[in-house]
Amino acid sequence: QVQLLESGGGLVQAGEALRLLCAASERTFNRYARGWFRQAPGKEREFGAAIRWSGGSTVYADSVKGRFTISRDTAKNTVDLQMNSLKPEDTAVYYCAASSSRRYYSDYYYFQLTAYDYWGQGTQVTVSS
């Protein structure tokens, strides 16, 4: 059974924008911290952005800060990633993730893959120059 499902990836020109969506199969995910990671060919999976389950505060990697925005819609049980000013180096498979821990952690915690225990299958984003 699919519990997290990403959509919205595609091919765009540098400087353009995309919005990724992550749908959760169960309402319980509304009380989980959520994150977005990405993985380019030959590279390790890297953290992009996260949003805490309580309060909605956000965390961003330096590589995307100021360009990407993570947000959640509790009514729709979705999380999105608005990606503006896209660059060719943003090309990667983007993965949605969730952490079932309900504690409030410092920002560094959300950079770690081990913080998350649910993952989607990924959606491809390609940015051409």
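A few notes on this one:
- Here's how it looks for LEU86: its modeled amide H is under 5 Å from those of GLY15, GLU16, which are all 5 or more places away or on a different chain.
- Taking only the C-alpha atoms of the stretch 1-77, the Rg (one decimal) and the largest Cα-Cα distance, Dmax (whole number), read 13.4, 38 Å.
- Size of electric dipole in the chain: Cβ of Lys, Arg +1 and of Asp, Glu -1, about Cα centre, debye, nearest 20: 380 debye
- Accessible area (Å², per residue) of the stretch 28-68, counting only protein heavy atoms and a probe of 1.4 Å: 46 Å²
- When the convex hull of its Cα atoms is projected in every direction, mean area for the stretch 64-129 (nm²): 5.6 nm²
- With θ taken as phi - 60° and the Karplus curve 6.51 cos²θ - 1.76 cosθ + 1.60 applied, the whole-hertz 3J(HN,Hα) list for the stretch 5-20 is 9, 8, 8, x, x, x, 10, 9, 7, 3, x, 8, 10, 9, 10, 9 Hz, x standing for glycine and proline.
- Once the Cα-Cα distance is subtracted from the 0.36 nm per residue extended length, the TYR104 to GLN3 segment shows a gain of 34.1 nm.
- Simple spin-label estimate for SER57 and ARG19 in nanometres, 7 Å along Cα-Cβ: 2.7 nm
- Percent of alpha-carbon pairs separated by more than 26 Å within the chain: 14 percent
- THR28 versus ARG45: modelled label distance in nm, points set 7 Å from Cα along the beta carbon direction: 2.0 nm
- Percentage relative contact order, the stretch 2-129, counting C-alpha pairs under 8 Å, at least six apart: 36 percent
The values are calculated or read from the model by the stated rules, or taken from the named source; none is laboratory data. Just so you know, these numbers come straight off a predicted model, no measurement behind them. Neighbour counts run over all protein chains shown; Cβ positions are idealised from the backbone, glycine included. Surface areas here come from the heavy atoms of the whole protein model, side chains and all, with no ligands, DNA or RNA. Shrake-Rupley method; radii C 1.70, N 1.55, O 1.52, S 1.80 Å.
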